[in-house]
1. Identify, from the list K97, K90, K130, K107, the residue that is out of contact with any helix residue (DSSP H, G or I) (no Cβ under 9 Å at 6 or more places or on another chain), surrounded by 12 or more Cβ atoms within 10 Å (Cβ to Cβ) and farther than 24 Å from T20 by Cα.
2. Just the residues that are part of a helix (DSSP H, G or I) and among the basic types (K, R), please, taken from the range 1-29.
3. Could you tell me which of the residues S102, S73 is under 17 Å from the mean Cα position of the chain (by Cα), surrounded by 12 or more Cβ atoms within 10 Å (Cβ to Cβ) and at pLDDT below 95?
4. Find the strands (runs of 3 or more DSSP E) located wholly in the range 30-112 whose residues include 3 or more that are over 23 Å from F138 (Cα atoms), and list them.
5. How about the range 34-55: which of its residues are among the aliphatic types (A, V, I, L, M) and surrounded by 20 or more Cβ atoms within 10 Å (Cβ to Cβ)?
6. Consider K58 carefully, then state whether it is loosely packed, with under 12 Cβ neighbours inside 10 Å and closer than 18 Å to D2 by Cβ.
7. I need a count of the residues in the range 110-127 that are surrounded by 15 or more Cβ atoms within 10 Å (Cβ to Cβ), among the hydrophobic types (A, V, I, L, M, F, W, C) and touching a Ser or Thr at 6+ places or on another chain (Cβ under 9 Å).
Amino acid sequence: MDLAEVLRFLEGEKLAVLATSAEDGRPEAAVMGFAVTPELEIIFDTVRSFRKYANLKKNPRVAWVIGCSSEISVQLEGNAVELEGAELEKYKMIYAKKYPDSTGRDKWADLTYFVTRPTWVRYGDYTPGKRRIEEKEF
């Protein structure tokens, strides 16, 4: 798998679907803005009163689907970690580069940031004549 190709695709996307699990096992999904690092880490923010926050604190295992506007998509599974301290500042800077208007949200009392560190990635290109599916475990 060409990780640089996957990164370029992810950098060009603005929205993704994040799937988490409720305490009783029910799946829950949300459309999210996200940013990505060269290591394919997915950075996102949420509010502590949202369902996904409680889900993430009880079970950090998540799945992402990125790319719904063409025949190309990335599926990514990993563990989401709430960011704090110097690590939080580092990742917030990456997020703010993609979403410059996000810096005003820092005033929200319940806003927090997470990073998903990938454990598995699938790149799929279903373009007619170019069909290609590749997976990588981390």
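1. Values: K97 fails: surrounded by 12 or more Cβ atoms within 10 Å (Cβ to Cβ); K130 fails: surrounded by 12 or more Cβ atoms within 10 Å (Cβ to Cβ); K107 fails: surrounded by 12 or more Cβ atoms within 10 Å (Cβ to Cβ).
Sole residue among the options that is out of contact with any helix residue (DSSP H, G or I) (no Cβ under 9 Å at 6 or more places or on another chain), surrounded by 12 or more Cβ atoms within 10 Å (Cβ to Cβ) and farther than 24 Å from T20 by Cα: K90.
2. R8
3. Only one candidate qualifies: S102.
4. Those strands (runs of 3 or more DSSP E) span 42-47.
5. A35, V36, I42, I43
6. Judged against the criteria, K58 is not a match.
7. Result for the range 110-127: 2.
The values are calculated or read from the model by the stated rules, or taken from the named source; none is laboratory data. All values derive from a computational prediction rather than experimental measurement. In this analysis, Cβ positions are derived from the backbone assuming ideal geometry, glycine residues included, and neighbour counts consider all displayed protein chains.
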